[in-house]
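The next block holds one structure in the form of structure tokens; read it before the comments.
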Amino acid sequence: MIQSLGLRSLTIAATAAFLGACAVGPDYRAPDAPAVGLYTEKPQPEQTEAVQVRGGEAQRFEVGAKISAEWWTLFGSPELDGLMRTALSGHPTLAAAQAALRQAEENLNAQYAVLYPSVDAGLSARRQRISGASFGNPASPGSVFNLYNASVNVSYAIDVAGGARRELEALQAGIDFQRFQLEAAYLSLTANIATTAFREASLREQIRATREILDLQERGMQLVEKQFVIGAVSRADVLAQRAPLAATRASVPPLEKALAQTRNQLAVLVGRFPGEAGLPELDLSAFQLPQNLPLSLPSDLVRQRPDIRAAETVLRQTNARIGVAQALMFPQLTLSGGYGTLSTSISNLFDPGTQVWNIGASLLQPIFHAGQLQARKRGAEAAYDQAFAQYQQTVLGAFQNVADVLFALEFDAVALKAQAEAETAARESLEMTQKQFEFGSTSYLALLLAQRQFEQARIGLVQAQAARYADTAALFQALGGGWWSSGEQDPARPTLAN
């Protein structure tokens, strides 16, 4: 009997494989890549503007060039690379995304069980009383006895319409979704670390520049006081010099506060407590501006951006769920069998003659459910339409993101050039005005104006320099971060070179 059950199980499995090969519902077809040739309305220049200041190098766009998975190393900063390695070695955000991926994988593993028969072993013991009424003789006295049972039961629901396989398809799409969510977490974390590092360096440079300006104003203050002593200027001129000096001093604490808060943010981004982070002090001079920038073809962007790939997995998942809903309208076939022993005494539970067995099949065909099954299918189709619209919106947003970054690279380079020229002109004007004031050939108001112009131009130059670095990091993020270049079978787990 056991041999016959084993042969029957093999037959069931073979039948399931044959029936499961055909599943109801639409087969998934990936959306076509957008037929777009350019990211922007007009072609981008081959390279950006250049100026002879730090961060003012011309950047050339290389269409179709490979994007490095470790793009941050192009900035030539060992400190930045160290921050990245620390973060990627075990940040809580990545750990959470990895756990979500493992959960999705185990959900799929659990669902695979529906393709195979389920086998359960049971052992039971009970004490029971029956009355004579059970045999049509109420006058007969009742009897009390023990009943022991040991059995093995086999049950198998054949996937006639392929609903179970469509559910497996949906769960596999869920795994892919979590993989791309994990890759998106990597990309977001590294991009945030880079931009925060550039912000810290910018704030540090702004503080340095402000203190240089403060030193100039203090020397100017000393000059005005000397002029006042000899009667060359009035008391009002002295007070007028003190006002901008006090204002510059007052601008330092907010910058220092912003720097401290930025370092706290950077500490958390690398997965450390702010009080124990031990972060290096970053400076703009420690970074190199990458001069060759890869620019992916528009048709490749949909395969590179983790958010687009994740949106596509949702599309594939909802498409499979249409088949799951449609399969409920088809017959459901279940085979079952059992073999065991039954006895009133545990001592002879396995004696000859105590064997019991059963085998059966059930077929369920839905006939009338008041429109419930059709409504479920229409709901699944509506979910697919929603996912498709969201996918299209994600693609549009991605293309806008790239276009915005390209414009930022172009015009921030122009802005840096203009700001550098403005800073040079303001510095020369201030130096000349100071000399003229010393000889009494210009007014004190002209000196104040020259100082204010130089202060604004100097801070503006620092901010424009930092923007070039941040724009470059934003481009790598907008293009997907190069995860597909990591050489890993699993794109969500890039390795770092030693």
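The values are calculated or read from the model by the stated rules, or taken from the named source; none is laboratory data. The structure displayed is predicted, hence computed values, not measured ones. Ideal geometry is used to build each Cβ from the backbone, glycine not excepted, and the neighbour counts take in all protein chains shown. Calculation scope for accessible area: heavy atoms of the full protein, side chains included, ligands and nucleic acids excluded. Shrake-Rupley method; radii C 1.70, N 1.55, O 1.52, S 1.80 Å.
Let me know the charge dipole size of the stretch 349-490 about its Cα centre in debye, to the nearest 20, where only the beta-carbon of Lys, Arg (+1) and Asp, Glu (-1) is charged.
Values: 9 positive and 15 negative charges, 80 e Å.
Once rounded to the nearest 20, the dipole reads 380 debye.
If you place +1 on the Cβ of every Lys and Arg, -1 on the Cβ of every Asp and Glu, and leave all else neutral, what size is the dipole of the chain about its Cα centre, to the nearest 20 Debye?
Dipole of the chain, to the nearest 20 debye: 1520 debye.
Is the C-alpha gyration tensor of the stretch 259-414 telling us rounded, prolate or oblate? Criteria: a/c under 1.5 is rounded; beyond that, a/b larger than b/c is prolate, otherwise oblate.
On the way: a/c = 4.37, a/b = 1.99, b/c = 2.20.
Oblate, since a/c reaches 1.5 and b/c is not below a/b.
Using amide H atoms built in the peptide plane, which far-off residues or other-chain residues are under 5 Å from Val356 H to H?
Long-range HN contacts for Val356: Gly340, Thr341, Leu342.
Would the stretch 270-356 count as rounded, prolate or oblate if I go by the C-alpha gyration tensor, calling it rounded below 1.5 in a/c and otherwise prolate when a/b exceeds b/c, oblate otherwise?
Values: a/c = 5.81, a/b = 2.13, b/c = 2.73.
Oblate.
So if we plug the beta-carbon distance of Gln365 and Gln386 into 1/(1 + (r/R0)^6) with R0 = 30 Å, what FRET efficiency do we get, rounded to 0.05?
The pair Gln365/Gln386 has a calculated efficiency of 0.45.
Measuring with a 1.4 Å probe in the full set of protein chains, what accessible area per residue, in whole Å², belongs to the chain?
Values: 25960 Å² over 498 residues.
Here the residues of the chain average 52 Å² of exposed surface.
So how do 115-126, 321-332, 207-218 stack up, highest first, on mean other-Cβ count within 10 Å? If you can, show how the numbers build up before the last one.
Numbers: 115-126: 12.0, 321-332: 20.0, 207-218: 17.1.
The most tightly packed comes first, giving 321-332, 207-218, 115-126.
Could you work out how far helix 372-438 tilts from the main Cα principal axis of the chain, as a 0 to 90 degree angle to the nearest 10?
Its long axis makes an angle of about 20 degrees.
Enumerate by residue number the GluC sites (Glu not before Pro) in the stretch 252-305 meeting two conditions: DSSP loop (anything except H, G, I, E, B), and at most 12 other Cβ atoms within 10 Å of the site's Cβ.
Details: sites: Glu256, Glu276, Glu281; in loops: Glu281.
Here the GluC sites (Glu not before Pro) that fit, given the DSSP loop and packing criteria, are Glu281.
Any chance you could check the Cα centroid distance between the stretch 416-456 and the stretch 350-394 for me, in angstrom?
Value for the Cα centre distance between the two parts: 80 Å.
Would you be so kind as to identify which of Gln44, Ser124, Ala87 lies farthest towards the positive end of the dipole of the stretch 33-143, taking Lys and Arg as +1 and Asp and Glu as -1 on Cβ and the Cα centre as origin?
Of the candidates, Ser124 comes out farthest on the positive side.
Which of the peptides 466-476, 369-379 is most tightly packed, and how do the rest follow, judged by the mean count of other Cβ atoms within 10 Å per residue?
Working: 466-476: 23.2, 369-379: 13.2.
My ranking of the peptides, most packed first, is 466-476, 369-379.
Give me the percent of accessible area attributable to carbon and sulfur for the stretch 159-258, probe 1.4 angstrom. Could the numbers behind the result be given before it?
Details: 2270 of 4070 Å².
About 56 percent, which is the carbon plus sulfur part of the accessible surface.
Just check the stretch 28-104 against the gyration tensor rule for me: Cα atoms, a ≥ b ≥ c as the square roots of the eigenvalues, rounded for a/c under 1.5, and otherwise prolate or oblate depending on whether a/b exceeds b/c. Walk me through the numbers on the way to the answer.
Values: a/c = 3.63, a/b = 1.20, b/c = 3.03.
Because a/c hits 1.5 or more and a/b fails to exceed b/c, the stretch 28-104 counts as oblate.
Tell me, what ³J(HN,Hα) does each residue in the stretch 158-167 have, in order and in whole Hz, if you take phi through Karplus 6.51 cos²θ - 1.76 cosθ + 1.60 with θ = phi - 60° and put x for Gly and Pro?
Taking θ as phi minus 60°, the curve returns 6, 7, 5, 8, x, x, 5, 6, 5, 5 Hz for the stretch 158-167.
HN-Hα J couplings of the stretch 79-85 from phi, Karplus 6.51/-1.76/1.60, θ = phi - 60°, integer Hz, Gly and Pro as x?
5, 5, 5, x, 4, 5, 5
Which option, (1) 34.5; (2) 40.6; (3) 24.2, is the value of mean projected area of the Cα convex hull in nm² that was calculated from these coordinates?
After the calculation, the listed value that fits is (2).
Using Cα-Cα distances under 8 Å and only pairs 6 or more residues apart, what relative contact order does the chain have, in percent?
Working: 706 pairs, mean separation 136.9, N = 498.
About 27 percent, as a whole number.
At 222 nm, what helix-only mean residue ellipticity would the chain give, in deg cm²/dmol to the nearest 500, using -39500 (n - 2.57) for each DSSP H run of four or more?
Working: 9 runs with 283 residues, N = 498.
So the helix-based figure for the chain works out to -20500 deg cm²/dmol.
With the dipole of the stretch 214-373 worked out from charges on the C-beta (+1 for Lys and Arg, -1 for Asp and Glu) around the Cα centre, which of Pro331, Ser362, Thr318 lies farthest toward the positive end?
Thr318
Which listed residue (Ala389, Ser299, Val462) has the Cα farthest towards the positive end of the charge dipole for the chain, taking +1 on Lys and Arg C-beta and -1 on Asp and Glu C-beta about the Cα centre?
Ala389
Sequence-distant or interchain residues sharing an amide H contact under 5 Å with Ala65, placed H: which?
Counting only residues 5 or more places away or on other chains, the set is Leu295.
In whole Hz and in residue order, list the ³J(HN,Hα) couplings for the stretch 110-124 that follow from phi through the Karplus curve 6.51 cos²θ - 1.76 cosθ + 1.60, θ = phi - 60°; x for Gly and Pro.
Those phi angles translate into 5, 6, 4, 4, 5, 7, 10, x, 9, 10, 10, 9, x, 9, 9 Hz.
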